[in-house]
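Right, one structure below, let's go through it.
The values are calculated or read from the model by the stated rules, or taken from the named source; none is laboratory data. Keep in mind that what you see is a predicted model, and the values were worked out from it rather than measured. Positions of Cβ are backbone-derived with ideal geometry, glycine not excepted, and every protein chain shown enters the neighbour counts. We work out accessible area using only protein heavy atoms, side chains counted, and drop any ligands, DNA or RNA first. Shrake-Rupley method; radii C 1.70, N 1.55, O 1.52, S 1.80 Å.
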Number of protein chains: 2
Amino acid sequence: MHRVKVRVVEGLLDANDTIARANRADFDRAGVRVVNFMSAPGAGKTTLLEAVVQSLPGVRVGVLEGDVQGTLDAARLASLHVPVAQVNTDPGFGGECHLDANMVRSALPSLPLDGLDLLIIENVGNLVCPAEFRVGEDVRVMVASVTEGEDKPLKYPLMFRACDLVLVNKIDLLPHLDYDLDLFLHHLDQVHPGVERLLVSARTGEGVDAWRAWLTTLATRGRAIA
Amino acid sequence: MHRVKVRVVEGLLDANDTIARANRADFDRAGVRVVNFMSAPGAGKTTLLEAVVQSLPGVRVGVLEGDVQGTLDAARLASLHVPVAQVNTDPGFGGECHLDANMVRSALPSLPLDGLDLLIIENVGNLVCPAEFRVGEDVRVMVASVTEGEDKPLKYPLMFRACDLVLVNKIDLLPHLDYDLDLFLHHLDQVHPGVERLLVSARTGEGVDAWRAWLTTLATRGRAIA
């Protein structure tokens, strides 16, 4: 069974990459920079978006929400008056655990790409498969909550290796946890040496300015190239 | 692409169920009760096992550890002198996000099934796919950490619907979170009305006695039937 499965999956990944390149071409044509935003469930992706989408100077932001089911996060972001499209992955078979390029493609017509500078694709909460499927993004950003423990880079190395920025979130909880931040950063550097990281708390706002600046630089750099 | 994919996956799930039944038969023959133990990454599965595996009265416990990569959790549990087997899912293709029946089957020869009353299978940290693959278990237990937010039952309904017990973990952090426990329980009852739940803190030990009692009852009931 396993060999057949590997071959099927390789075929799916090839097909995925072809569609990802088509997405990429559409994004480039529209001059929009794209973030594939990933984390475990409940690490704080949506809250970290709520904190910044209205306050990026001169950057027009849109969001594509990926969830197995429901529109809870999309509703939270739409209430902030940014364009939001929702993809639900459950029509597949009991629910896909990641976005693929085709799902993202299906949602693009409902977003005003030409009127955006930055599109943030909030992936399904999962530390494994989202890292395996390119969707046409420029960069991958992941959120690692300090409540998840120090060992996660070692246990989910592909995700930590695939990303361009790690947001270490919920640092306001550090005094209440048995969590060794230095050990986490050591593990992070073991699997992805020197990867950019920001310490943040969506709850207290600590580090959110730096996250905002990072996104603004990304979107602006996009504009200079376009 | 999608229809082909659904057909392929349905085939894989059928094959999986056949192997799950073979596992089940082996477990019954050995008189061992089996828990499929699931959660998001970092919700506290391993810590909740460390808290109980040595202190279940008259119950001989074994653990099967599923991880994408590494043996960190297996080492933690082996140091407590319980039989532990490790399955790594990464030989598949960049890492499978769940255990399937065949992976579990491959690890059974390294466990002394006849000398166990209770086998706990710690699945890969993921709220989607582990719920789709039966591995031959008697019951499914999931851990939901209060740090993950109140909305998770609505966003990952299959997982919450599939389980027989929900451990609501890290309740020691409640004073430091904007988390409405009643709202979480309301959402839980929306997707799985009346499902058993225990409020626990692996860190302070609150609720761990009830978790221990639950497992002891399960293993004892197993013995009475066998």
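Looking at the stretch B:25-45, which of its residues are open to solvent by 10 Å² or more (accessible area, probe 1.4 Å) and touching a helix residue (DSSP H, G or I) at 6+ places or on another chain (Cβ under 6 Å)? Passing the criteria: B:A30, B:R33, B:G42. Applying the set (1) among the hydrophobic types (A, V, I, L, M, F, W, C); (2) facing chain A (nearest Cβ under 10 Å); (3) within 26 Å of A:P157 (Cβ to Cβ) to B:L13 leaves exactly one unmet item: (3).
Name the residue that is nearest to the other protein chains (Cβ to nearest Cβ), counting only residues in the stretch B:169-192 that are within 21 Å of B:N36 (Cβ to Cβ) and surrounded by fewer than 20 Cβ atoms within 10 Å (Cβ to Cβ). My answer is B:V191.
Hey, any hits in the stretch A:167-175 for a residue that's out of contact with any helix residue (DSSP H, G or I) (no Cβ under 9 Å at 6 or more places or on another chain) and in a loop (DSSP other than H, G, I, E, B)? Steps first, answer last, please.
Taking the stretch A:167-175 and keeping what is out of contact with any helix residue (DSSP H, G or I) (no Cβ under 9 Å at 6 or more places or on another chain), we get none.
For the stretch A:167-175, residues out of contact with any helix residue (DSSP H, G or I) (no Cβ under 9 Å at 6 or more places or on another chain) and in a loop (DSSP other than H, G, I, E, B): absent.
Does A:E132 satisfy the condition of being acidic (D, E) and under 11 Å from the mean Cα position of the chain (by Cα)?
Numbers: acidic (D, E): yes; under 11 Å from the mean Cα position of the chain (by Cα): no.
In short, no.
Take the residues in the stretch B:97-129 that are surrounded by 24 or more Cβ atoms within 10 Å (Cβ to Cβ) and polar (S, T, N, Q), then tell me which one is nearest to the chain's Cα centre (by Cα). Only one residue tops the list, namely B:N123.
Only residues that are of a type in the set (G, A, S) and within 19 Å of A:N88 (Cα to Cα): list them for the stretch B:118-158, please.
Result: B:A131, single match.
Taking the stretch B:100-130 as the range and being part of a helix (DSSP H, G or I), in contact (Cβ under 8 Å) with a residue 40 or more places away in the chain and not hydrophobic (A, V, I, L, M, F, W, C) as the test, the residues that pass are B:N102, B:R105, B:D114, B:G115, B:P130. Here A:G194 meets the list (1) part of a loop (DSSP other than H, G, I, E, B); (2) touching a strand residue (DSSP E or B) at 6+ places or on another chain (Cβ under 8 Å) almost entirely, failing just condition (2).
Restricting B:Q69, B:Q86, B:Q54 to residues that are open to solvent by 10 Å² or more (accessible area, probe 1.4 Å), within 30 Å of B:P153 (Cβ to Cβ) and either of a type outside the set (G, A, S) or out of contact with any helix residue (DSSP H, G or I) (no Cβ under 8 Å at 6 or more places or on another chain) (or both) narrows the list to B:Q69.
Looking only at the stretch A:49-71, how many residues end up being more than 11 Å from the chain's Cα centre (by Cα) and within 14 Å of chain B (Cβ to nearest Cβ)? Walk me through how you get there before you give the answer.
Filtering the stretch A:49-71 for residues more than 11 Å from the chain's Cα centre (by Cα) gives A:50-62, A:67-71.
So of that shortlist, the ones also within 14 Å of chain B (Cβ to nearest Cβ) come out as A:50-51, A:67-71.
Final tally of qualifying residues: 7.
For the stretch A:199-215, the candidate set comprises residues that are part of a helix (DSSP H, G or I) and either in contact with a Gly (Cβ under 9 Å, 6 or more places away or on another chain) or within 17 Å of A:V146 (Cβ to Cβ) (or both); within that set, the residue that is most open to solvent (accessible area, probe 1.4 Å) is A:A210. Here is the figure for the stretch B:138-168: residues that are under 15 Å from B:G207 (Cα atoms) and at the interface with chain A (Cβ under 10 Å from one of its Cβ atoms) total 3.
Here B:A22 fulfils each of the conditions (1) within 14 Å of another protein chain (Cβ to nearest Cβ); (2) touching a Gly at 6+ places or on another chain (Cβ under 8 Å); (3) part of a loop (DSSP other than H, G, I, E, B) apart from (3).
Filter the stretch B:73-96 down to residues that are within 9 Å of another protein chain (Cβ to nearest Cβ) and either over 17 Å from the mean Cα position of the chain (by Cα) or closer than 22 Å to B:D117 by Cα (or both), then give me how many there are. Spell out how you get there, then give the answer.
Filtering the stretch B:73-96 for residues within 9 Å of another protein chain (Cβ to nearest Cβ) gives B:73, B:89-96.
The next check asks that each one be either over 17 Å from the mean Cα position of the chain (by Cα) or closer than 22 Å to B:D117 by Cα (or both); those that pass are B:73, B:90-95.
Number of matching residues: 7.
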